[in-house]
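A short write-up of the structure that comes next.
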Amino acid sequence: MDVLPLPDKIINYNERIKILRDIAPSGYVFALNYTISGPEYFDTSFPKAWQTIYQDRGYFLKDPIFLWTLTHTGYKRWSEIAFTSKSRVLQEATKYDLNYGAIFARRKGLTFSWCSISRPDRQLSDEELDLTDTLFVEFLDTIEDRSSLTREEILVLKAFANGSSQKEVAELHRISEGKVKNLVRSAKKKLGCKTLAQVVSTAVGNKLI
(Lines give C-alpha, C1' and ligand atoms only; values in the text may rest on other atoms or scores of the structure.)
Protein backbone atom coordinates (compact mmCIF):
# COMPACT_ATOMS: atom_id res chain seq x y z
CA MET A 1 0.00 0.00 0.00
CA ASP A 2 1.27 3.47 -0.92
CA VAL A 3 1.23 5.77 2.09
CA LEU A 4 -0.46 9.09 1.32
CA PRO A 5 0.39 12.36 3.10
CA LEU A 6 -2.43 13.23 5.49
CA PRO A 7 -2.04 17.02 4.93
CA ASP A 8 -2.96 16.49 1.26
CA LYS A 9 -6.32 14.99 2.27
CA ILE A 10 -7.41 17.39 5.02
CA ILE A 11 -8.54 20.87 4.02
CA ASN A 12 -6.85 23.61 6.08
CA TYR A 13 -4.65 20.96 7.70
CA ASN A 14 -1.87 23.32 8.76
CA GLU A 15 -4.35 25.70 10.34
CA ARG A 16 -6.25 22.94 12.13
CA ILE A 17 -3.11 21.24 13.43
CA LYS A 18 -1.85 24.41 15.16
CA ILE A 19 -3.69 23.54 18.36
CA LEU A 20 -1.90 20.19 18.47
CA ARG A 21 1.49 21.85 18.13
CA ASP A 22 0.69 23.74 21.35
CA ILE A 23 -0.66 20.67 23.14
CA ALA A 24 2.14 18.36 21.99
CA PRO A 25 5.35 20.38 21.44
CA SER A 26 7.46 17.21 21.37
CA GLY A 27 5.51 15.93 18.39
CA TYR A 28 2.59 13.89 17.10
CA VAL A 29 1.90 11.08 14.67
CA PHE A 30 -1.26 10.16 12.76
CA ALA A 31 -1.61 6.74 11.10
CA LEU A 32 -5.06 6.36 9.55
CA ASN A 33 -6.71 3.31 7.98
CA TYR A 34 -3.96 1.02 9.24
CA THR A 35 -3.76 -2.57 7.97
CA ILE A 36 -1.10 -5.26 7.94
CA SER A 37 0.47 -3.32 5.05
CA GLY A 38 0.69 -0.11 7.08
CA PRO A 39 -1.34 3.13 7.14
CA GLU A 40 -3.15 4.63 4.17
CA TYR A 41 -2.63 8.20 5.46
CA PHE A 42 0.27 9.31 7.62
CA ASP A 43 1.82 12.41 9.13
CA THR A 44 4.27 12.97 11.96
CA SER A 45 6.24 15.75 13.60
CA PHE A 46 8.25 13.50 15.91
CA PRO A 47 12.02 14.17 15.75
CA LYS A 48 13.46 12.70 12.54
CA ALA A 49 16.30 11.03 14.46
CA TRP A 50 13.73 9.21 16.61
CA GLN A 51 11.72 8.20 13.56
CA THR A 52 14.84 6.63 12.03
CA ILE A 53 15.78 4.75 15.20
CA TYR A 54 12.19 3.56 15.72
CA GLN A 55 11.99 2.16 12.20
CA ASP A 56 15.51 0.75 11.92
CA ARG A 57 15.26 -1.10 15.24
CA GLY A 58 11.75 -2.41 14.58
CA TYR A 59 10.36 -0.84 17.71
CA PHE A 60 6.72 -1.24 16.60
CA LEU A 61 6.36 -4.71 18.04
CA LYS A 62 8.28 -3.76 21.19
CA ASP A 63 6.38 -0.57 21.87
CA PRO A 64 3.62 -0.98 24.51
CA ILE A 65 1.96 2.21 23.22
CA PHE A 66 1.54 0.88 19.68
CA LEU A 67 0.60 -2.58 20.95
CA TRP A 68 -2.20 -1.00 22.98
CA THR A 69 -3.85 0.20 19.74
CA LEU A 70 -4.11 -3.37 18.44
CA THR A 71 -6.62 -4.35 21.11
CA HIS A 72 -8.16 -1.09 22.36
CA THR A 73 -10.10 1.95 21.23
CA GLY A 74 -10.48 5.34 22.89
CA TYR A 75 -7.48 7.05 24.44
CA LYS A 76 -5.07 6.81 27.36
CA ARG A 77 -2.04 8.59 28.69
CA TRP A 78 1.14 6.61 28.07
CA SER A 79 1.69 6.32 31.81
CA GLU A 80 -1.68 4.56 32.22
CA ILE A 81 -0.72 1.67 29.92
CA ALA A 82 0.79 -1.50 31.38
CA PHE A 83 4.54 -2.09 31.12
CA THR A 84 5.36 1.44 29.96
CA SER A 85 7.52 2.18 33.00
CA LYS A 86 9.84 -0.70 32.10
CA SER A 87 9.75 -0.21 28.34
CA ARG A 88 13.15 0.16 26.69
CA VAL A 89 11.44 1.90 23.78
CA LEU A 90 9.98 4.64 25.98
CA GLN A 91 13.21 4.99 27.93
CA GLU A 92 14.98 5.59 24.64
CA ALA A 93 12.28 8.05 23.58
CA THR A 94 13.03 10.35 26.52
CA LYS A 95 16.34 11.22 24.84
CA TYR A 96 14.22 13.06 22.26
CA ASP A 97 11.94 14.89 24.74
CA LEU A 98 9.18 12.31 24.33
CA ASN A 99 8.62 12.16 28.08
CA TYR A 100 4.84 12.36 28.48
CA GLY A 101 2.15 11.48 26.01
CA ALA A 102 -1.14 9.92 25.05
CA ILE A 103 -2.41 7.46 22.47
CA PHE A 104 -5.74 7.56 20.60
CA ALA A 105 -7.26 4.69 18.62
CA ARG A 106 -10.36 3.91 16.58
CA ARG A 107 -11.31 0.77 14.67
CA LYS A 108 -13.53 0.22 11.62
CA GLY A 109 -13.90 -3.20 10.03
CA LEU A 110 -10.48 -4.64 9.25
CA THR A 111 -8.67 -1.33 9.63
CA PHE A 112 -7.78 0.81 12.61
CA SER A 113 -6.42 4.31 13.03
CA TRP A 114 -4.29 5.80 15.74
CA CYS A 115 -2.67 9.03 16.86
CA SER A 116 0.07 9.52 19.43
CA ILE A 117 1.17 12.85 20.92
CA SER A 118 3.89 13.91 23.32
CA ARG A 119 5.25 16.78 25.34
CA PRO A 120 8.48 17.11 27.38
CA ASP A 121 7.40 18.77 30.60
CA ARG A 122 4.18 17.37 32.12
CA GLN A 123 1.23 15.01 31.81
CA LEU A 124 -1.48 16.01 29.36
CA SER A 125 -4.63 17.47 30.92
CA ASP A 126 -8.11 16.00 30.45
CA GLU A 127 -9.05 19.03 28.34
CA GLU A 128 -6.03 18.52 26.08
CA LEU A 129 -6.93 14.86 25.63
CA ASP A 130 -10.51 15.78 24.70
CA LEU A 131 -9.37 18.44 22.21
CA THR A 132 -6.94 16.02 20.56
CA ASP A 133 -9.54 13.26 20.37
CA THR A 134 -12.01 15.65 18.74
CA LEU A 135 -9.43 16.61 16.11
CA PHE A 136 -8.53 12.96 15.54
CA VAL A 137 -12.18 12.01 14.97
CA GLU A 138 -12.70 14.99 12.64
CA PHE A 139 -9.78 13.78 10.51
CA LEU A 140 -11.24 10.28 10.43
CA ASP A 141 -14.61 11.67 9.36
CA THR A 142 -12.90 13.50 6.50
CA ILE A 143 -11.04 10.38 5.38
CA GLU A 144 -14.31 8.45 5.38
CA ASP A 145 -15.99 11.26 3.40
CA ARG A 146 -18.60 11.85 6.09
CA SER A 147 -17.59 15.50 6.20
CA SER A 148 -18.12 16.28 2.49
CA LEU A 149 -20.34 19.28 1.79
CA THR A 150 -24.02 18.58 1.13
CA ARG A 151 -25.77 19.87 -1.99
CA GLU A 152 -27.56 22.54 0.08
CA GLU A 153 -24.31 23.72 1.65
CA ILE A 154 -22.68 23.98 -1.77
CA LEU A 155 -25.56 26.01 -3.21
CA VAL A 156 -25.55 28.41 -0.27
CA LEU A 157 -21.77 28.92 -0.40
CA LYS A 158 -21.94 29.46 -4.17
CA ALA A 159 -24.51 32.20 -3.65
CA PHE A 160 -22.32 33.92 -1.06
CA ALA A 161 -19.33 33.57 -3.39
CA ASN A 162 -21.34 35.40 -6.06
CA GLY A 163 -21.86 38.32 -3.70
CA SER A 164 -25.36 37.59 -2.37
CA SER A 165 -26.39 38.70 1.12
CA GLN A 166 -27.84 36.30 3.66
CA LYS A 167 -31.35 37.55 2.90
CA GLU A 168 -30.79 37.18 -0.85
CA VAL A 169 -29.45 33.63 -0.40
CA ALA A 170 -32.56 32.71 1.59
CA GLU A 171 -34.88 34.18 -1.03
CA LEU A 172 -32.94 32.58 -3.91
CA HIS A 173 -33.24 29.08 -2.48
CA ARG A 174 -36.63 29.63 -0.78
CA ILE A 175 -35.36 28.77 2.69
CA SER A 176 -35.31 30.71 5.94
CA GLU A 177 -32.38 32.87 6.97
CA GLY A 178 -32.08 30.63 10.01
CA LYS A 179 -31.50 27.63 7.77
CA VAL A 180 -28.92 29.60 5.78
CA LYS A 181 -27.07 30.27 9.05
CA ASN A 182 -27.21 26.58 10.00
CA LEU A 183 -25.88 25.48 6.61
CA VAL A 184 -23.01 27.95 6.82
CA ARG A 185 -22.27 26.85 10.38
CA SER A 186 -22.15 23.22 9.28
CA ALA A 187 -19.88 24.01 6.32
CA LYS A 188 -17.51 26.01 8.55
CA LYS A 189 -17.20 23.09 10.94
CA LYS A 190 -16.51 20.62 8.14
CA LEU A 191 -13.85 22.79 6.53
CA GLY A 192 -12.30 23.97 9.78
CA CYS A 193 -13.19 27.63 9.22
CA LYS A 194 -14.31 30.34 11.64
CA THR A 195 -15.86 33.00 9.40
CA LEU A 196 -18.15 33.15 6.39
CA ALA A 197 -15.43 34.76 4.28
CA GLN A 198 -12.98 32.03 5.22
CA VAL A 199 -15.34 29.14 4.46
CA VAL A 200 -16.30 30.62 1.08
CA SER A 201 -12.65 31.24 0.20
CA THR A 202 -11.67 27.72 1.29
CA ALA A 203 -14.50 26.14 -0.70
CA VAL A 204 -13.57 28.11 -3.82
CA GLY A 205 -9.85 27.49 -3.40
CA ASN A 206 -10.36 23.75 -3.06
CA LYS A 207 -12.84 23.65 -5.98
CA LEU A 208 -15.67 22.41 -3.76
CA ILE A 209 -18.09 24.93 -5.24
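Pairing each residue of the stretch 189-209 that is under 18 Å from Leu135 (Cβ atoms) with any residue that is surrounded by 13 or more Cβ atoms within 10 Å (Cβ to Cβ) and among the acidic types (Asp, Glu), provided the two are 6+ apart or on different chains, yields C-beta distances under 7 Å for Gly192/Glu15.
Is it true that Leu67 is aliphatic (A, V, I, L, M) and at pLDDT 95 or above? So Leu67 passes the test.
For Glu168, the conditions (1) in contact with a helix residue (DSSP H, G or I) (Cβ under 8 Å, 6 or more places away or on another chain); (2) outside any loop (DSSP other than H, G, I, E, B); (3) under 27 Å from Leu135 (Cα atoms) all hold with the exception of (3). Only helices (runs of 4 or more DSSP H) whose full extent lies in the stretch 44-121 are considered here, and the ones with at least 3 residues that are closer than 21 Å to Leu140 by Cβ are 64-69. Within the stretch 29-52, one or more residues are under 15 Å from the mean Cα position of the chain (by Cα), surrounded by fewer than 19 Cβ atoms within 10 Å (Cβ to Cβ), over 15 Å from Thr132 (Cβ atoms) and modelled with pLDDT of 95 or more.
Scanning the stretch 190-209 for residues being at pLDDT 85 or above and either part of a loop (DSSP other than H, G, I, E, B) or surrounded by fewer than 19 Cβ atoms within 10 Å (Cβ to Cβ) (or both) gives a total of 8.
For the stretch 64-91, the tally of residues that are buried (at least 16 other Cβ atoms within 10 Å of the Cβ) and acidic (Asp, Glu) stands at 0. Among the residues of the stretch 124-163, those identified as under 16 Å from Gln198 (Cα atoms) and either touching a Gly at 6+ places or on another chain (Cβ under 7 Å) or part of a loop (DSSP other than H, G, I, E, B) (or both) are Leu149, Asn162, Gly163. Name the residues in the stretch 165-192 that are under 13 Å from Leu149 (Cα atoms) and among the hydrophobic types (A, V, I, L, M, F, W, C), would you? Hits for the stretch 165-192 are Leu183, Val184, Ala187, Leu191.
Here is a yes/no grid of residues against (1) within 22 Å of Leu6 (Cα to Cα); (2) in contact with a helix residue (DSSP H, G or I) (Cβ under 8 Å, 6 or more places away or on another chain); (3) not assigned by TED's automatic domain parsing to the domain that holds Asp22:
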| residue | (1), (2), (3) |
| --- | --- |
| Tyr54 | yes, yes, no |
| Asp63 | no, yes, no |
| Thr73 | yes, no, no |
| Thr111 | yes, no, no |
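Annotation for the stretch 65-76: at least one member residue is in contact (Cβ under 8 Å) with a residue 12 or more places away in the chain and charged (D, E, K, R).
Across the stretch 136-169, the number of residues qualifying as at pLDDT below 95 and under 30 Å from Leu20 (Cα atoms) comes to 16.
The values are calculated or read from the model by the stated rules, or taken from the named source; none is laboratory data. Quantities reported herein were computed from a predicted structural model and do not represent experimental measurements. As a convention, Cβ positions derive from the backbone with ideal geometry for all residues, glycine included, and neighbour counts pool all protein chains shown.
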